[in-house]
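Asker: Would you mind keeping the following structure in view while I ask a few things?
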Amino acid sequence: MSFRTTSSTTAVGTAVDYVEDVSPGSGALPPRAWYASSDAKSLSLNGRWRFRLSATADAEDDSFAEDGYDAGDWAAVTVPGHWVLQGDGAFGSPIYTNHLYPFPVDPPRVPTENPTGDHLRLFDLPPDWPADGGTVLRFDGVESCARVWLNGTDIGEFKGSRLAHEFAVGHLLKTVGNVLAVRVHQWSAGSYLEDQDQWWLPGIFRDVTLLHRPPGSALDFFTHASYDHVTGEGTLRVDSDVDGRVIVPALDIDVRTGEAVTVPVRPWTAETPQLYDGVLATAGESIPLRIGFRTVELADGLIKVNGKPILFKGVNRHEWHPERGRALDLETMREDVLLMKRHNVNAVRTSHYPPHPAFLDLCDEYGLWVIDECDLETHGFVEQAWRDNPVDDDRWTPALLDRAARMVERDKNHPSVVIWSLGNEAGTGRGLTAMAEWIHARDTSRLVHYEGDWNCRDTDMYSRMYAFHEEVDRIGRQLDGGTLKRRELPFILCEYAHAMGNGPGGLADYQRIFEAHERLQGGFVWEWIDHGIRHPELGYAYGGDFGEELHDGNFVCDGLVMPDRTPSPGLVEFKKVIEPVAVEGCGDGTVRITNKQDFAGLSALAFTWSFQADGETVASGTLPVPALAAGESADVKLPEPPADAPAGAETGWTVRAVLAGDTSWAPAGHVVAWGQVPVSARALLSLAATAGAVADGGLITLGPAAFDARTGALRAIGPVEVTGLRLDVWRATTDNDDGAEWQTDARYGERWRKLGLHRMRHRLDAVEAADDGLTVRTRVAPAAGDVGLSTVYRWMSDGSRLRLAVSVTPEGDWTVPLPRLGIRFGLSGADRVTWFGGGPGEAYPDSRTASTVGRWQSTVDRMQTPYVRPQENGARADVRWAELGGLRVEGDPEFWFSARRWTNEQLDAAAHRTDLVPGGTVWVNLDHGQHGIGSQSCGPGPLPQYFLNVAPAEFSFVFTATDRENV
Ligand code: GAL
């Protein structure tokens, strides 16, 4: 018995064979460069479109494409947009999977349930629309398959969601009453090629435009602009399908298309994005050119631009907006670029598809190296050991080549694009080789990247993702073996430092390794932005929040910026780690300044010094730094320390490199890099135990403090009530603590929970009141195990201040590090917070490079980092003292400080921001130690030096009641 006779269904409505056809489509024009003509007319068809959703591809016939069809009862959607993000759920919901196909893997077949959106737009031509020439209808992005009719004529269908498709429509247009009908299917054969780790979001999500093509207009052109770093000259040649002239006034160039001209130029680099405005003038139109001269090559085993090896300090960027999904407007794209530039990012991998073309214009203009990646991922086939993988099946090769060509042809004129990437996580196969061969032949001026083949058969660089520090170091030392070809290639980490939730930790350690070995040319943090979807009840939704059958939870929220583009602490850390100038103290009142850029000198920067006493700046000035070419260093003498710095204060210098003048991406004064040089250490508090513990009814008093006489629990310090003070070893596990399920290394989140560190019991062994203080002896241990922490709290007072010394002695055989080790307590009220120590933001042992020692002020609420899935956050490093809630706490040694309006247990239980409801108590953690963060949600855990190993520990705090007014 046969269940089907044809490869697709045709029962009710219209023929939809094309949906499951491996071909890229039919009817579209050949791909070409994307540009905006200066004088040819265009008409945007963005806006409100009539919309009808069907449950299957064939539910409706195509009569809606006919003139006169009455769509009066249809709904409406905004184009560009995804229908599942419009209509308040009436049009279905988003689905998030990392690599699993959300449908049975049976290529090229797709489910019968195939949400299909019919889109209808009526339009008139503007009165001045020329009658001569042709007209092209352009779609910049439609997910995942569209069939198009204009005025009742079927003009074709296409797949390749994030690629442009154009149709010649001039012969079909009317002056008034044009009917554009687009049928969009969520699932198609193309979906098998688009298994990127992101939301599945159907719709016409990029612009739809009508472009007039005057007679004699250019069809396509290719700007070749190279730079010879030896002569300082650039060579320009613009090849055009239609002859014309190429004019670049600033360079005095006026040549025919196809003719090469060599002139002295300033080269384009990401650090110095020099663009020359020009024009390509053909008989029919003028096309603005933005020319950047640069030469990209593989030479001496290195990726070189303009003769020099470059170091990528990059990010992986998906297109994302928390309300509009992948339908981005220009301002959002610009915001990404500005944020990147302001955080010292110099490169973007357009993971995992060509972005909206306007983004590349911005990269040209502001200066970012770009790896432009093809819209290709077949990761889900890994579930079946890559059997039937389309990239190794010749039937799919035309679709793969179509995708490669649509990327290269569209984006070939961008100087920022230095590398083409074949796609992501698609295994290996002949189709990839065909793509690489085609790209190499079409564009000899750029290199080819692909990560999925570690033998580098088709690529110009060895690329990996999430390789651990130790392996990267080995690769840098050329000790990693591999094929001969691979051994001769440079190395990049196209993804590393998984920025999910709190973290990533270990960035500085990677950077040190990159900088130590020439072969290592840097990497791209995964990833730029959390793809949270704004949600009225949840704050931001992630996988599973729309009732998906299969999903990967909050793995979609792993960015350096929050969904609303608020920089997370991870981005602040990255900015510091990759700063283009290093400032290091080298003794004798001298700092070493190193220009770590690849090309630019320091002329855009000014240097300042300031001198701090106990975290307060007491003097400041400018620091003359000699001109340093890229890679050069100089030792610069600091001024004499100010004579009037308070005696006994902790002192030190802060040297900053700031923008000397306004730039297009940040104003003068913007801090680019900085360093701190300590001068004198702080004097530690000494406290004489002059007060004795006095029993008074149910209480014991000691100086300003009152304790419960039976339990030894602290009740108050002066007027400040204190609750629940005790040892704390638990933190709400971070995504990186929990680790990805496939990790073979210890995933401590799980092991901590198994051991019971989140449910420690505190046994009271003794309360000993004496003339020199109060001692409370306890044993802190989880049920069901024999490990414990013998914990002694020793309190003493000089009458006005109260000192707590905590001594922790491990018992039993501990086989895991601790999440944290310190004390926590509750205060009945606290809002404003002042501290002297690391700030202004969050820091953990392996993500503390950006923590600056100083005097900081904040509030309890602002000290929280609102990760989309709540987890441990907000610790401040190296805190000498902190004031909040009417208390001052001074630490010996420095401590990690956090305060929040919920307990660590409540934080741990929360799944979304909105689960965190402030209670009446502010919970304060003063930690002697924190375990490192790492990036085990996809990469390595914390390096061993950041472990909080279980060992005997002693630490102390001095508490003073301060002015309650300050609360
Ligand atoms: C990589 C993949 C990315 C993303 C990341 C984890 O394997 O290329 O698309 O899934 O892992 O967030």
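The values are calculated or read from the model by the stated rules, or taken from the named source; none is laboratory data. Quick caveat, the model's predicted, so the values are computed rather than measured. Positions of Cβ are generated from backbone atoms using ideal geometry, with glycine treated the same way; all protein chains shown enter the neighbour counts.
Asker: Determine whether residue 136 is touching a Phe, Trp or Tyr at 6+ places or on another chain (Cβ under 6 Å) and either closer than 26 Å to residue 164 by Cα or surrounded by 17 or more Cβ atoms within 10 Å (Cβ to Cβ) (or both).
Answerer: Answer is no for this residue.
Asker: So residue 716 fits all but one of (1) in contact (Cβ under 8 Å) with a residue 40 or more places away in the chain; (2) surrounded by 14 or more Cβ atoms within 10 Å (Cβ to Cβ); what number is the exception?
Answerer: (1)
Asker: When only residues in region 350-375 that are away from the ligand (no atom under 15 Å from the Cβ) and of a type in the set (Phe, Trp, Tyr) count, which is surrounded by the most Cβ atoms within 10 Å (Cβ to Cβ)?
Answerer: 369
Asker: Something else now. Taking the condition surrounded by 12 or more Cβ atoms within 10 Å (Cβ to Cβ) and either outside the structural domain of residue 601 (by TED's automatic domain parsing) or at pLDDT below 95 (or both), does residue 645 pass?
Answerer: Spelling it out, residue 645 is indeed surrounded by 12 or more Cβ atoms within 10 Å (Cβ to Cβ) and either outside the structural domain of residue 601 (by TED's automatic domain parsing) or at pLDDT below 95 (or both).
Asker: Out of curiosity, is residue 888 of a type outside the set (Phe, Trp, Tyr) and either buried (at least 24 other Cβ atoms within 10 Å of the Cβ) or within 30 Å of residue 557 (Cα to Cα) (or both)?
Answerer: Values: of a type outside the set (Phe, Trp, Tyr): yes; either buried (at least 24 other Cβ atoms within 10 Å of the Cβ) or within 30 Å of residue 557 (Cα to Cα) (or both): no.
Spelling it out, it is not the case that residue 888 is of a type outside the set (Phe, Trp, Tyr) and either buried (at least 24 other Cβ atoms within 10 Å of the Cβ) or within 30 Å of residue 557 (Cα to Cα) (or both).
Asker: When you go through (1) at pLDDT below 95; (2) part of a loop (DSSP other than H, G, I, E, B); (3) out of contact with any Ser or Thr (no Cβ under 6 Å at 6 or more places or on another chain) one by one for residue 740, which number turns out not to apply?
Answerer: (3)
Asker: On to the next question. Test of understanding: among 225, 164, which residue is over 27 Å from residue 51 (Cβ atoms), aliphatic (A, V, I, L, M), in contact with a Pro (Cβ under 8 Å, 6 or more places away or on another chain) and in contact (Cβ under 8 Å) with a residue 40 or more places away in the chain?
Answerer: When all the criteria are applied, what remains is 225.
Asker: Related question: Kindly check whether there is at least one residue in region 572-582 that is closer than 23 Å to residue 672 by Cβ and at pLDDT below 95.
Answerer: No, because not a single residue in region 572-582 is closer than 23 Å to residue 672 by Cβ and at pLDDT below 95.
Asker: Find all pairs meeting these conditions: Cβ atoms under 7 angstrom apart; at least six residues apart or on different chains; first residue within region 484-510 and free of Cβ contacts under 8 Å to residues at least 60 places away in the same chain; second residue away from the ligand (no atom under 16 Å from the Cβ) and of a type in the set (S, T, N, Q).
Answerer: 486/455; 487/478; 491/521
Asker: Kindly establish whether residue 836 is more than 20 Å from residue 908 (Cα to Cα), in contact with a strand residue (DSSP E or B) (Cβ under 7 Å, 6 or more places away or on another chain), assigned by TED's automatic domain parsing to the domain that holds residue 724 and modelled with pLDDT of 95 or more.
Answerer: Criteria met by residue 836.
Yes/no matrix, rows are residues, columns are (1) within 25 Å of residue 418 (Cα to Cα); (2) not aliphatic (A, V, I, L, M):
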site	(1), (2)
180	no, no
186	no, yes
193	yes, no
214	no, yes
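Asker: Scan region 453-471 for residues that are surrounded by 20 or more Cβ atoms within 10 Å (Cβ to Cβ), more than 21 Å from the chain's Cα centre (by Cα) and more than 16 Å from residue 301 (Cβ to Cβ) and jot them down.
Answerer: Of everything in region 453-471, those that are surrounded by 20 or more Cβ atoms within 10 Å (Cβ to Cβ), more than 21 Å from the chain's Cα centre (by Cα) and more than 16 Å from residue 301 (Cβ to Cβ) turn out to be 453, 458.
Asker: Anything in region 383-401 that is surrounded by fewer than 20 Cβ atoms within 10 Å (Cβ to Cβ) and either free of Cβ contacts under 8 Å to residues at least 12 places away in the same chain or assigned to a helix (DSSP H, G or I) (or both)? List them, or say none.
Answerer: Here is the first cut: in region 383-401, the ones surrounded by fewer than 20 Cβ atoms within 10 Å (Cβ to Cβ) are 383-388, 393-395, 398, 401.
The answer is 383, 384, 385, 387, 394, 395, 398, 401.
Asker: Being touching a residue at least 40 places away in the same chain (Cβ under 8 Å), within 34 Å of the chain's Cα centre (by Cα), in the same structural domain as residue 198 (by TED's automatic domain parsing) and within 16 Å of the ligand (Cβ to nearest atom): is that true of residue 99 here?
Answerer: Yes.
Asker: Of the residues 392, 372, 402, 388, only one is closer than 20 Å to residue 292 by Cβ and modelled with pLDDT of 95 or more; which? Spell out how you get there, then give the answer.
Answerer: On the way: 392 fails: closer than 20 Å to residue 292 by Cβ; 402 fails: closer than 20 Å to residue 292 by Cβ; 388 fails: closer than 20 Å to residue 292 by Cβ.
Exactly one residue qualifies, and that residue is 372.
Asker: Restrict the check to region 457-474 and report whether at least one residue is in contact with a Lys or Arg (Cβ under 7 Å, 6 or more places away or on another chain), of a type outside the set (D, E, K, R) and part of a loop (DSSP other than H, G, I, E, B).
Answerer: No.
Asker: Here's another thing I want to ask about it. Within region 421-444, is even one residue more than 16 Å from the ligand (Cβ to nearest atom), more than 27 Å from residue 25 (Cα to Cα) and either at pLDDT 95 or above or in a helix (DSSP H, G or I) (or both)?
Answerer: yes
Asker: Let me ask you something else. May I ask you to list the residues in region 893-926 that are surrounded by fewer than 18 Cβ atoms within 10 Å (Cβ to Cβ) and assigned to a strand (DSSP E or B)?
Answerer: Residue satisfying the conditions is 893 alone.
Asker: Determine if region 502-521 includes at least one residue that is within 16 Å of the ligand (Cβ to nearest atom) and aromatic (Phe, Trp, Tyr).
Answerer: no
Asker: Restricting to region 230-261, give me the number of residues that are under 40 Å from the mean Cα position of the chain (by Cα) and either acidic (Asp, Glu) or part of a strand (DSSP E or B) (or both).
Answerer: 12
Asker: Let me ask something additional. I'm checking my understanding of the structure. Among residues of region 445-456 that are out of contact with any Lys or Arg (no Cβ under 8 Å at 6 or more places or on another chain), part of a loop (DSSP other than H, G, I, E, B) and free of Cβ contacts under 8 Å to residues at least 60 places away in the same chain, which one is nearest to the ligand (Cβ to nearest atom)?
Answerer: Here is the first cut: in region 445-456, the ones out of contact with any Lys or Arg (no Cβ under 8 Å at 6 or more places or on another chain) are 445-450, 452-453.
In the following step, the residues that additionally are part of a loop (DSSP other than H, G, I, E, B) were identified as 445-446, 450, 452-453.
Then drop every residue that is not free of Cβ contacts under 8 Å to residues at least 60 places away in the same chain, which leaves 450, 452-453.
Working: 450: 12, 452: 9, 453: 14 Å.
Taking the candidates together, the pick is 452.
Asker: Sticking with this one: If you check 158, 91, which single one turns out to be part of a loop (DSSP other than H, G, I, E, B) and buried (at least 18 other Cβ atoms within 10 Å of the Cβ)?
Answerer: Step by step, each of 158, 91 is checked, and only 91 is part of a loop (DSSP other than H, G, I, E, B) and buried (at least 18 other Cβ atoms within 10 Å of the Cβ).
Asker: Looking only at strands (runs of 3 or more DSSP E) that lie completely in region 266-369, which have at least 2 residues being at pLDDT 95 or above and within 30 Å of residue 216 (Cα to Cα)?
Answerer: 276-282, 286-291
Asker: Follow-up question, since we're still on this one. Would you confirm whether or not region 469-482 contains a residue that is in contact with a helix residue (DSSP H, G or I) (Cβ under 7 Å, 6 or more places away or on another chain), free of Cβ contacts under 8 Å to residues at least 12 places away in the same chain and over 29 Å from residue 738 (Cα atoms)?
Answerer: Yes - at least one qualifying residue is present in region 469-482.
Asker: Does region 866-877 include one or more residues that are within 16 Å of the ligand (Cβ to nearest atom), of a type in the set (Phe, Trp, Tyr) and under 20 Å from residue 846 (Cβ atoms)?
Answerer: Yes - at least one qualifying residue is present in region 866-877.
Asker: Now, a different point. Would it be correct to say that residue 329 is closer than 30 Å to residue 542 by Cβ, surrounded by fewer than 19 Cβ atoms within 10 Å (Cβ to Cβ) and free of Cβ contacts under 8 Å to residues at least 24 places away in the same chain?
Answerer: Yes.
Asker: Which one of 697, 669, 661, 724 is on the phi > 0 side of the Ramachandran plot, assigned by TED's automatic domain parsing to the domain that holds residue 594 and surrounded by fewer than 19 Cβ atoms within 10 Å (Cβ to Cβ)?
Answerer: Exactly one of 697, 669, 661, 724 is on the phi > 0 side of the Ramachandran plot, assigned by TED's automatic domain parsing to the domain that holds residue 594 and surrounded by fewer than 19 Cβ atoms within 10 Å (Cβ to Cβ), namely 669.
Asker: Turning to a different aspect of this structure: Residues of region 179-210 being assigned to a loop (DSSP other than H, G, I, E, B), more than 16 Å from the ligand (Cβ to nearest atom) and among the polar types (S, T, N, Q), which ones?
Answerer: 186, 188
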